[in-house]
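The values are calculated or read from the model by the stated rules, or taken from the named source; none is laboratory data. None of the values given here were measured: they were computed from a predicted structure. As a convention, Cβ positions derive from the backbone with ideal geometry for all residues, glycine included, and neighbour counts pool all protein chains shown. Calculation scope for accessible area: heavy atoms of the full protein, side chains included, ligands and nucleic acids excluded. Shrake-Rupley method; radii C 1.70, N 1.55, O 1.52, S 1.80 Å.
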Amino acid sequence: MSMNSFGHLYRFTTWGESHGKAIGVTIDGCPPRIDLTEKKIQNFLDKRKPGQNKFTTQRKEPDNVEILSGVFEGKTTGTPIQLMIKNVDQRSKDYSKISSSFRPGHADITYFQKYGIRDYRGGGRSSARETAARVAAGAVARLALKNIIPKLEIFGYLVQIGSKKINKNNFDQKQISKNPFWCPDKEIVDNWSLYLRKIRKDGNSVGAIIEVIAKNLPAGIGAPIYNKLDTQIAAAMMSINAVKGVEIGEGMNSATLTGDENADEIRSNKTNLPMYESNNSGGILGGISTGQDLITRFAVKPTSSILKTKNTVNENYDNVQIQTTGRHDPCVGIRAVPVGEAMMACVLLDQYLINRGQIG
């Protein structure tokens, strides 16, 4: 029974620890004859890698990916694809002082309670380092989707850091790649910069909310009840390290709407394709895509490793205090944007293949 795998027909298994020799992913179910090179995967990994700006951890990992199997002469063969990313900038000594104590808000204590042993060096498998392997799997999925659904577009962005939200009236997709926050509202970038400088200076951290959009997904993807498209998306996003909440479309806010307000009215545009006058559903009805934009948001909690001294217990359950040193993200949600995009791609490819298997 594997607890490290995700997906049905397009299935991937990640492996490795934050301070081990390498991390990686094994992908099974990728269609054959997809153009795939290390360079094409690297383009996606470079968006996520640490140390790119002063608002993320200064751990310097090039995240260079190696293809070990499943590709011949630049094309996928339909057999398992093995990808490896070597760790080159581990500083395990930074964690020696917490080797027997548990960081509040971190998975240290639950891993120990479950397994009786834990890798305290950066959190082992519970570290955000694991997400690089997901981004690699997502890169392969996106390249496959490019062949299957050429017009499909997947992109994510930050909509909130702490209590500071973007102004949706300022939304400009072109701005997303032009600032260190993947933010579509250029007016808030300086505000966020000042805010995070203070957070870092105080030895603290803060959470964030990321929105991920999939445009031009055909109607009919997903299935009723237990394989709903929104069920799979929610599971994918919630599986990302530090994510504590997921919503589709209006999400939690839909509880404040009346039926009249929430209903996405439907009209004909004389082309045999329905037109929706709103998108409160987030592009999914009954677990099946409507053909509208697919919209999901997920909340990332503050980084648990902070410089502030906190009360905790050690492995003997003695009361102690702890202060975490080393290199950490003041807002780990920034680097979660490409991870959310990757998980969306993995779900959509998996769901497309399932749909094709049933419907043809």
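Key figures for this structure:
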quantity	calculated
Cβ charges +1 (Lys, Arg) and -1 (Asp, Glu), total dipole of the stretch 104-169, debye	180 debye
Longest DSSP-loop-exposure-free segment, GluC sites (Glu not before Pro), the chain, at most 16 other Cβ within 10 Å	74-264
Accessible solvent surface per residue of the stretch 158-269, calculated while the other protein chains remain in place, 1.4 angstrom probe, Å²	55 Å²
Check: the chain dipole with +1 on Lys, Arg Cβ and -1 on Asp, Glu Cβ, in debye	1180 debye
Value of Rg to Rh for the stretch 220-360 (Rh from inverse mean 1/r over Cα pairs, i.e. Kirkwood)	1.14
Thr79 paired with Arg356, simple spin-label distance in nm, labels 7 Å along Cα-to-beta-carbon	2.1 nm
Farthest positive-ward along the stretch 218-360 dipole, Cα basis, beta-carbon charges - from Leu349, Gly287, Asn311	Asn311
Cα gyration tensor of the chain - equivalent ellipsoid semi-axes, whole Å, descending	34, 26, 19
Long pairs among Lys151/Lys186; Lys165/Lys308; Lys39/Lys86, criterion Cα-Cα beyond 24 Å	Lys151/Lys186; Lys165/Lys308
Environment charge at Gly245 (Cβ cut-off 11 Å; Lys +1, Arg +1, Asp -1, Glu -1)	+2
Rg over Rh, two decimals, the stretch 220-299 (C-alpha only, Kirkwood Rh)	1.01
Proximal aspartates and glutamates relative to Lys40, as straight alpha-carbon distance under 17 Å, when same-chain residues fewer than 8 apart are discounted	Asp63, Glu66, Glu73, Glu153, Glu341
Amide H partners (placed H, <5 Å) of Gly291, local residues excluded	Ala219, Gly220
Mean separation of Cα contacts under 8 Å (6+ apart) over length of the chain, as relative contact order %	23 percent
